[in-house]
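Undergrad: Shown below is the structure under consideration.
Every read-out reported here was derived from the displayed coordinates using simple, explicitly stated rules and does not represent laboratory data. None of the values given here were measured: they were computed from a predicted structure. Cβ sites come from the backbone with ideal geometry, for glycine too, and all protein chains shown count toward neighbours.
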Amino acid sequence: MLSFAKWIATAEAFGSVAPVFETTLTFSKPIQKAALSLTSVGVYVAEINGKRVGEYVLAPGWTAYQKRLQVQTYDVTDLLEQTSTLAVTVAKGWQLSHLAWYDHHPYYPADYALIGELHVQYTDGSEDVFATDESWSCRRSALLDCEIYDGELYDARMTDTPRLPVRVLDKTKDILIPQEGEEIREMLTLTPKAFLTTPKGEKVIDFGQNLTGYVSFSLNAKAGDTVKIRHFEILDREGNVYTENYRSAKATLSYICRDGLQSYKPTHTFYGFRYIVIDEFPGEIDPDAFLAIAVHSNMKKTSSCVTSDPRVNRLIENIEWGQRGNFLDIPTDCPQRDERLGWTGDAQVFCRIATYQFDTERFFKKWFGDMRAEQWENGGIPHVIPFIIFQDKHCSAAWGDAGVICPWQVYLTYGNKEILEKQFESMKGRINYISVCTKDEYLWTGCQHFGDWCALDLGKETTDSASRKDFIASVYYANAARLVAKAGKALGKDVSYYLELEKKIIDKINLTFPTYHTQCEHALALYFDITPNKAEVAAALADMVVKNGIHLDTGFVGTPYLLHALSENGYLELAYSLLLQDTYPSWLFSVKQGATTIWEHWDGIKEDGTVWSAGMNSYNHYAYGAVGDWIYGVAAGIRTVEDAPGFAKVEIAPHPDKRLTYLTATLDTRHGKVLSHWERFEDGWRYEIETPVEATVTVGGKTKTVPKGRYLFYSK
């Protein structure tokens, strides 16, 4: 790619100041069509004659930079004039910022750099190519500092800095790939909900929704006046600004004004926030001059779900906002603190509902490419993709299992066999890794694992769990073998080895772990079909939940499967009781506490208003939002058919509960819209079903196969 272009960089060190790379182009003939292809070390914004090129925010996105760097191509025909100036501002982005929490040095040490080509077709049929080379110049921009965690410092007075030469880098182009993922875009603009003065006298704007993005503002000021804004998620117990959970991330926007009316918004960074505190501002603050702009990957919304319970509706909204806030080119854990990494464990538990709520096929395909690039030679898959922090190269159960669970789920939802074809060797590599690192054949033992992260079954504030990590790991080993076998079967491959391996693992688990100790262990044994004594294990799980006051005590691993384990084994009413529980710990507890996204901890804000901890307490951490797939898949009853992936056929088996008077769910599939609606009707239930394909419908214990169409059913 970009065969004519050269990598260019600043000839002298710019420090934290973002450079602008520039060239002036003159066209002697009328232009028929023009396409600009660009990428950078750092993140860039391109302008032609002062007008922004494209809508991509934070281009070129975040990939496994040592091996993959996306190139974006824009149609710029309408932007070009006979003489045009092309200017590209490059800031640190992910590649040049200090990432994670170990030190303050970039993980990818490099220089600001740019490479690109402008391909011009004239009306007479001739063509020209204008490429980055030593003829370009660079200058210091008004962006004096810009960092992923810390934010931006912009000096609007700097409008005419000297042009300087560039240098050509001896840097490979072998890593360049066409744009694979969805572009990051500005997706929604929010106006202020409230303007507050805290007990400490802090001036705060509440946008009413925890989001990922940035603010824009307008003002009339004098040159040298300063605006300083800090972003945060919650007010503390006393109603003051709380930023401790951001850890070292400054999350600040500083703007030095020029004379007159002016507007500004960040261009090369993002923040996770609901509130802003305005530390400095010239004159009186007009809250209406501020807007919050939500930024995320440009995914089409493909589902809706509304019930008679406004608390459940808010939970569903929170799950959706959690995905918006964390699907920013990669599936991050959280968007605000000094982390924002592509944690695999969070992604795999959330993957199913992620593919229902938004069209994420292209999003995940790009991330899978990074996963293949980062996978170790022994088959291990790092805890975060792109790989960034851990040097010990261990690979936890449930986290590395994103390498088998996510491709299989994306295939089921969208029916694209190419996904499995590209990922199959990687999926097998996951099995190979477990096989060689375990201490006990047909189990996964003796390795480091996160376990049921952030569970409550130890009875104290800790990220650890009472669930046995070797048991959890061995269950995921069996599941990995099962999914590799399913994927191989879909691809027409011999999978006898993996079928036999799964059987041997399950037999060894049952021999080694004949009893289960926690809600998590019971749920995994049931959901992953490990135990031969399902009725007994389900009864024991139900008893544990009831004795716990109809509360869960599971963490990141057990929670996604808990309701499924109950409802699939005769305890549907109890599963609903957990869903509708609003005292701690529960999904609706955070709703009752005012959450607008999913929390990292069940008690992120306690009933007395205190917080869980400062060290690890995100209020936009989508993992527990995995319950959404139970709402769609069990309550609404919309499910894929493995032998007809992509909803080529559909199963619809709604399960109403008398505590809700109605539920309506829709899902836009590759074949059309699926609708499942139920409501109380006299002394029974009325169901409205719509399917674009042949469907198996089960209501009131009766199953029918129906062609595409819209149907009404009734049951007692």
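Undergrad: Positive end of the dipole of the chain, charges at C-beta (+1 Lys, Arg; -1 Asp, Glu), about the Cα centre: which of Leu501, Leu79, Val545 has its Cα farthest in that direction?
TA: Leu501
Undergrad: I've got another one for you. By DSSP, what percent of the beta bridges with both residues in the chain are antiparallel, rounded to the nearest 5?
TA: 90
Undergrad: Using only the Cα atoms of segment 186-297, build the gyration tensor, take square roots of its eigenvalues as a ≥ b ≥ c, and label the shape rounded, prolate or oblate: rounded if a/c is under 1.5, else prolate if a/b is larger than b/c, else oblate.
TA: In terms of gyration-tensor shape, oblate.
Undergrad: Let me ask something additional. Could you tell me which residue out of Gly42, Ser303, Ser263 lies farthest along the dipole of the chain toward its positive end? Charges go on the beta carbon: Lys and Arg +1, Asp and Glu -1, centred on the Cα centre.
TA: Ser303
Undergrad: Which one, Gly400, Trp321, Thr344, is farthest towards the positive end of the dipole of segment 288-404 when Lys and Arg carry +1 and Asp and Glu -1 on their Cβ?
TA: Value computed over the given set: Trp321.
Undergrad: Please work out, to two decimal places, the log10 of the ratio I(q)/I(0) at q = 0.11, 0.13, 0.16 Å⁻¹ from a Debye calculation in which every Cα of segment 259-359 carries one identical scatterer.
TA: Those come out to -0.48, -0.63, -0.86, one per q.
Undergrad: Which distance in nm do the two modelled labels at Glu441 and Lys534 give, with both placed 7 Å along the Cα-to-Cβ direction?
TA: The modelled label-to-label distance comes out at 3.1 nm.
Undergrad: Follow-up. For segment 128-201, which GluC sites (Glu not before Pro) pass both filters: DSSP loop (anything but H, G, I, E, B) and at most 15 other C-beta atoms within 10 Å?
TA: Of the GluC sites (Glu not before Pro), the ones in loops of segment 128-201 whose Cβ has at most 15 other Cβ atoms within 10 Å are Glu134.
Undergrad: May I pose another question? Percent of alpha carbon pairs in the chain separated by more than 51 Å?
TA: Beyond 51 Å sits 15 percent of the P(r) for the chain.
Undergrad: Tell me, what is the FRET efficiency for Lys460 and Asn313 to the nearest 0.05, using R0 = 35 angstrom and their Cβ-Cβ distance as r?
TA: 0.55
Undergrad: Charges only on Cβ, +1 for Lys and Arg, -1 for Asp and Glu: so what's the dipole of the chain about the Cα centre, in debye to the nearest 20?
TA: That gives the chain a dipole magnitude of about 1100 debye.
Undergrad: Now for a separate question. Ranking Thr212, Thr83, Thr73 by Cβ neighbours within 10 Å, fewest first, what do you get?
TA: In increasing order of surrounding Cβ atoms, one gets Thr83, Thr73, Thr212.
Undergrad: Under a point spin-label approximation (7 Å from Cα along Cα-to-Cβ), what is the Lys173-Asp683 distance to one decimal in nm?
TA: Between Lys173 and Asp683, the simple spin-label model gives 7.8 nm.
Undergrad: Here is a further query. Quickly rank 551-557, 431-437, 463-469 as a protection proxy: mean count of other C-beta atoms within 10 Å, highest first.
TA: Going by the mean number of other Cβ atoms within 10 Å, highest first, we get 551-557, 463-469, 431-437.
Undergrad: Below 14 angstrom from the Cβ of Glu180, what's the summed charge of the other residues (Lys, Arg +1; Asp, Glu -1)?
TA: That works out to +1.
Undergrad: Turning to a different aspect of this structure: Taking Lys547 as the anchor, which aspartates and glutamates have their alpha carbon closer than 16 Å to its alpha carbon, excluding any fewer than eight residues away along the same chain?
TA: Straight-distance partners of Lys547: Asp457, Glu573.
Undergrad: Using only C-alpha positions, report the orientation-averaged shadow area of the convex hull of segment 303-635, nm², one decimal. Spell out each step's value before the answer.
TA: Numbers: hull surface 62.4 nm².
Directional mean of the projected Cα hull area for segment 303-635 stands at 15.6 nm².
Undergrad: Please sort 323-335, 445-457, 568-580 by packing, taking for each peptide the average over its residues of neighbouring beta carbons within 10 angstrom, highest first.
TA: With the highest mean Cβ count within 10 Å placed first, the list reads 323-335, 445-457, 568-580.
Undergrad: Assuming R0 = 22 Å, can you tell me the calculated FRET efficiency for the pair Glu47 and Thr189, based on Cβ-Cβ distance, to the nearest 0.05? Show your work: numbers first, answer last.
TA: Numbers: r = 22 Å, r/R0 = 0.99.
Step by step, r from the Cβ atoms, then E = 0.50.
Undergrad: Any chance you could run the full-extension gain for Phe27 through Met158? It's 0.36 nm times the residue separation minus the Cα-Cα distance, nm to one decimal.
TA: Fully extending the segment from Phe27 to Met158 adds 44.2 nm.
Undergrad: Assuming a ≥ b ≥ c are the square roots of the Cα gyration tensor eigenvalues, decide whether segment 650-715 counts as rounded (a/c under 1.5), prolate (otherwise, with a/b larger than b/c) or oblate.
TA: Prolate, because a/c is 1.5 or more and a/b exceeds b/c.
Undergrad: OK, next. Label-point separation (nm) for Glu55 and Gln121, each offset 7 Å from Cα along Cα-to-Cβ?
TA: For Glu55 paired with Gln121, the spin-label model returns 2.4 nm.
Undergrad: 222 nm [θ] for the chain, helices only, -39500 (n - 2.57) per DSSP H run of 4+, per residue, to 500?
TA: About -7500 deg cm²/dmol.
Undergrad: Please work out how much length the chain gains when fully extended from Lys547 to Glu607, using 0.36 nm per residue of separation minus the C-alpha to C-alpha distance, in nm with one decimal.
TA: Full extension of this stretch gives 19.4 nm more.
Undergrad: Taking a point 7 angstrom from the Cα of Asn510 along the C-beta vector, which residues in segment 532-563 have backbone N less than 15 Å away?
TA: 532-538, by backbone N distance to the label point.
Undergrad: What ranking do 687-697, 221-231 get when scored by the average of other Cβ atoms within 10 Å per residue, highest first?
TA: Listed from highest to lowest mean packing, they are 687-697, 221-231.
Undergrad: Related question: Any idea what the dipole of segment 303-635 comes to, in debye rounded to 20, about its Cα centre with Lys/Arg Cβ at +1 and Asp/Glu Cβ at -1?
TA: 660
Undergrad: Say R0 is 45 Å: what FRET efficiency, to the nearest 0.05, do Ser496 and Val129 get from their beta-carbon distance?
TA: 0.25
Undergrad: Then there is this: For segment 331-407, which GluC sites (Glu not before Pro) are in a loop by DSSP, counting at most 12 other Cβ atoms within 10 Å?
TA: Glu377
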